[in-house]
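Beneath this line is the structure, given in structure tokens, with notes to follow.
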Amino acid sequence: MRTVRIHVEQPLTPGVELALPAQAAAHVVRVLRLHAGDPVVLFNGDGNDYASELVETTARAVRVRIIDARVVGNESPLRITLAQALARGEKMDWIIQKATELGATAIVPLFTERSEVRLDGARADKRLAHWRAVAIGACEQCGRARVPGITAPLPLDAWLATLPQAKTETRLALLPEGELGARALEHPGTEIRLAVGPEGGFASKDIAALRADGFRGLSLGPRVLRTETAGTAALAALQAIYGDAG
């Protein structure tokens, strides 16, 4: 039987009963058609799964009782921040979904010189809330109990200004002419920052800024990948070589 996992934004404690938020409650009753007595798993991003049981599924409320908690041990040993130039339409949703499934710890949407997507004010806030919902949905599906952090979109230079000056972590920028292959990294450590350009790639000004901040060029082979493919392919390669299967 498929495990139904539901994210809730509140502390969870075994023995406690609580009402599910409206959206989750509607999904349980109208889409999944679950009933009182059916098992569900709750999580809130603290690294635990909370085995629970539905105790009420009515039009008035959907309530669950938390039975116990267990630590979920499926996080990657790598802490990868994906700094992704904004992509158009549903491409950004796809990138966030797959980056979450592939174990990214944090996702930073970037404005770069060739970015075609522009967000500001209320529109940016709305997109950020939507992206976080996409990441939560991916966690519900893939079994992660920690939701990757997603920041509001930043210009590339503003993001670089937030990075520590010590440069102790591995910094990589996906470039077709990159000097490194994924297997050529020597002891990349557990902290990795991976920068991915927009549809037209990083402009020379972007590349110069990244290089000045200690980013090395990473190439994934002789073919030029689309922006929605490049980051996920790099994440998969890094996880396979140094992380989940390393």
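Since every read-out is calculated from the coordinates, none of them should be taken as a lab result. Quantities reported herein were computed from a predicted structural model and do not represent experimental measurements. Virtual Cβ from ideal backbone geometry, glycine too; neighbours counted across all protein chains shown.
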- Item | Helix-only [θ]222 nm of the chain, DSSP H runs n ≥ 4, -39500 (n - 2.57) each, per residue, nearest 500 | -9000 deg cm²/dmol
- Pull out a ≥ b ≥ c, the square roots of the eigenvalues of the alpha-carbon gyration tensor of the range 129-217, then state rounded if a/c is under 1.5, prolate if not and a/b is larger than b/c, and oblate in the remaining case. prolate
- Note on the structure: Where a ≥ b ≥ c are root eigenvalues of the Cα gyration tensor, a/c under 1.5 meaning rounded, otherwise prolate if a/b exceeds b/c and oblate otherwise, the range 184-232 counts as oblate
- Message: Taking R0 as 22 Å, what FRET efficiency do you get between R70 and H130 from their Cβ-Cβ distance, rounded to the nearest 0.05?
- Response: 0.15
- Task: Kindly express, to the nearest 10 degrees and within the range 0 to 90, the angle between helix 121-142's C-alpha long axis and the longest C-alpha principal axis of the chain.
- Result: 70
- Taking a ≥ b ≥ c as the square roots of the eigenvalues of the Cα gyration tensor of the chain, is the shape rounded (a/c under 1.5), prolate (a/b larger than b/c) or oblate? prolate
- Item | Share, in percent, of DSSP beta bridges within the chain that are antiparallel, nearest 5 | 40
